[in-house]
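Worksheet for the structure shown next.
The values are calculated or read from the model by the stated rules, or taken from the named source; none is laboratory data. All values reported here derive from a predicted model rather than from experimental measurement. For neighbour counting, all protein chains shown are included, and Cβ atoms are generated from backbone atoms with ideal geometry for every residue, glycine included.
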Amino acid sequence: MRSMIRRAAVFGAITLLMCGRPLSAAAVTVDQILALAKSGVTDVVILALIDRDRSIFAIEPEQLVTLQREGLSEKVILAMLKSGHEEGERAAHADAAYTSAWITSALPNEPQR
């Protein structure tokens, strides 16, 4: 009985952690960020979009030079490099917590004699 209650509590806690993450309908792309910058949208607006969307941009080192040549500011490039990584880390920690709780709940409550 205790094992079932403990499993339910762990599942509930993990569910609450996962529900706290905002879901994004569509991710903003590198090309869209470039188009916004070229059309005169300010860094403040682009940074707000990156912060709101929390996309993970797969930017290779070679692309950094291109992005800078295309007119993106250092602030925008840094925001793109950092974007979305906190959610990935939180999800990994939640997954590890779930796995750990599941393994713990499968262990016997009393020591074997």
Counting only helices (runs of 4 or more DSSP H) entirely within the range 33-113, those with at least 1 residues that are at pLDDT below 85 and exposed (fewer than 12 other Cβ atoms within 10 Å of the Cβ) are 85-106
Which of the residues belonging to the range 38-55 are of a type outside the set (V, I, T) and either under 19 Å from the mean Cα position of the chain (by Cα) or closer than 11 Å to M80 by Cβ (or both)? L47, A48, L49, D51, R52, D53, R54, S55
